[in-house]
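Here is the structure we will look at.
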Amino acid sequence: MEQKEKFFTTKKIALTGILTAIILLLQVVGNYIVPSLASINLSLLPIAIGAVVLGPIYGGFLGLVCGVMVLIAPSTIQTFMAVNPWATVLTCLSKTTVAGVVAGLIMLPFKNGKHTFLGAMISSISIPLLNTGIFVIFYLLFFKGDALPDAAFIGLLAAIYINFIIEVVLTSMLSPAIFQALRYTSYFKKPDEVANA
């Protein structure tokens, strides 16, 4: 009889810590070293890895960490916080958190089957799709005409479109590959399997 996988394990917490540190590093670089209103969000990759490998709760947590970092970014504070603080908080915290949770849920049926790579790819693609989709919807609902002039918004949409394509390519290629690599390491093996390896 197959033993049910524990929710909290040392391996899961350690991997979550590593992915959290990567998100913080990437967001510090994006927020303060290369600041931009519509920069490529490389932090979506560790969120995708967390969602695919660890599941929806961990994916949501990593998404929340990313959202907090986006919230305190200078470009967010200057452009959006001054217009509508509550909508800014809602937008920043929800878009990557929801993306992480949904990606993890998408991966669940594929986790122990024959099509794990396909599942990891679909799950990973959902993250930039949801992240970008939620941002655009919330922008139109809460900020259109106030945060940016219409001409600047058109430029922002163009930048978002380009970034979205790059984010989809990066997450859909790298996250499933990393997931597959981890499957052949001791991370996915039980202690007795590692001892007999």
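Can you tell me which of Pro74, Pro85, Pro56, Pro109 is within 14 Å of the chain's Cα centre (by Cα) and not hydrophobic (A, V, I, L, M, F, W, C)?
Values: Pro74 fails: within 14 Å of the chain's Cα centre (by Cα); Pro85 fails: within 14 Å of the chain's Cα centre (by Cα); Pro109 fails: within 14 Å of the chain's Cα centre (by Cα).
None of the others qualify; the one that does is Pro56.
Taking Leu148, is it within 25 Å of the chain's Cα centre (by Cα) and either at pLDDT below 75 or in a helix (DSSP H, G or I) (or both)?
no
Filter region 104-146 down to the residues that are more than 28 Å from Ala159 (Cβ to Cβ) and of a type in the set (D, E, K, R) and list them by number.
If the condition is that a residue be more than 28 Å from Ala159 (Cβ to Cβ) and of a type in the set (D, E, K, R), then Lys111, Lys114 are the ones that fit.
Of these, Phe153, Phe138, which one is surrounded by 15 or more Cβ atoms within 10 Å (Cβ to Cβ), in a helix (DSSP H, G or I) and at pLDDT 75 or above?
The conditions single out Phe138.
The values are calculated or read from the model by the stated rules, or taken from the named source; none is laboratory data. Source: prediction; values computed, not measured. Here the Cβ is made from the backbone with ideal geometry for all residues, glycine too, and neighbour counts use every protein chain on show.
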